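Engineer: Shown below is the structure under consideration.
The values are calculated or read from the model by the stated rules, or taken from the named source; none is laboratory data. Bear in mind the structure is a predicted one, so any value in this text is a computation, not a measurement. Counting neighbours? That spans all protein chains shown, and the Cβs are built from the backbone with ideal geometry, glycine included. Remember, those area values only see protein heavy atoms, side chains included, never the ligands or the DNA or RNA. Shrake-Rupley method; radii C 1.70, N 1.55, O 1.52, S 1.80 Å.
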Amino acid sequence: MIRITPRISLDESELQEEFIRASGPGGQHVNKTETAVQLRFDVRHSPNLPDPVRYRLERLAGSRLTQDGVLILVADRYRSQMRNREDARERLIDLIREAAAPP
């Protein structure tokens, strides 16, 4: 379980991660290694998000939310899969915490 707030936790199975090739300069191995991470989280069908948090998260996500309610975050700041994976998860947690704060 991923702890978001004292009341909200996400199950690891709710996250889908796919490693993709990062764009931009990267040296000799740029077309051989897949270091960027595309993290998908189904906001609309998550059993762990209270409805008010779900609605605020959908608004905060903006263009990163698909029509089906799937939030897509791409992390490619770092040159390693592990750091990009951590970065994507941290960004998701920050977004959910922001949505969990009452207006």
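Engineer: Once ligands and nucleic acids are excluded and a 1.4 Å probe is used, how much of Tyr55 is accessible, expressed in Å² to the nearest 10?
Structural biologist: Counting only protein heavy atoms, the figure is 130 Å².
Engineer: Let me cross-check Asp68: its accessible surface, 1.4 Å probe, with only protein heavy atoms counted, in Å² to the nearest 10?
Structural biologist: Approximately 110 Å² of Asp68 is accessible to the 1.4 Å probe.
Engineer: Need one value: the accessible area of Glu18 in square angstrom, 1.4 angstrom probe, rounded to the nearest 10.
Structural biologist: Per-residue accessible area (Glu18): approximately 100 Å².
Engineer: Moving to a separate point now. Taking a ≥ b ≥ c as the square roots of the eigenvalues of the Cα gyration tensor of the chain, is the shape rounded (a/c under 1.5), prolate (a/b larger than b/c) or oblate? Mind showing how you got there, number by number?
Structural biologist: Details: a/c = 2.42, a/b = 2.09, b/c = 1.16.
Prolate is the answer for the chain, as a/c is 1.5 or above and a/b outweighs b/c.
Engineer: Tell me, what is the FRET efficiency for Tyr78 and Arg44 to the nearest 0.05, using R0 = 22 angstrom and their Cβ-Cβ distance as r? Mind showing how you got there, number by number?
Structural biologist: Values: r = 30 Å, r/R0 = 1.36.
With R0 = 22 Å, the Cβ-Cβ based efficiency is 0.15.
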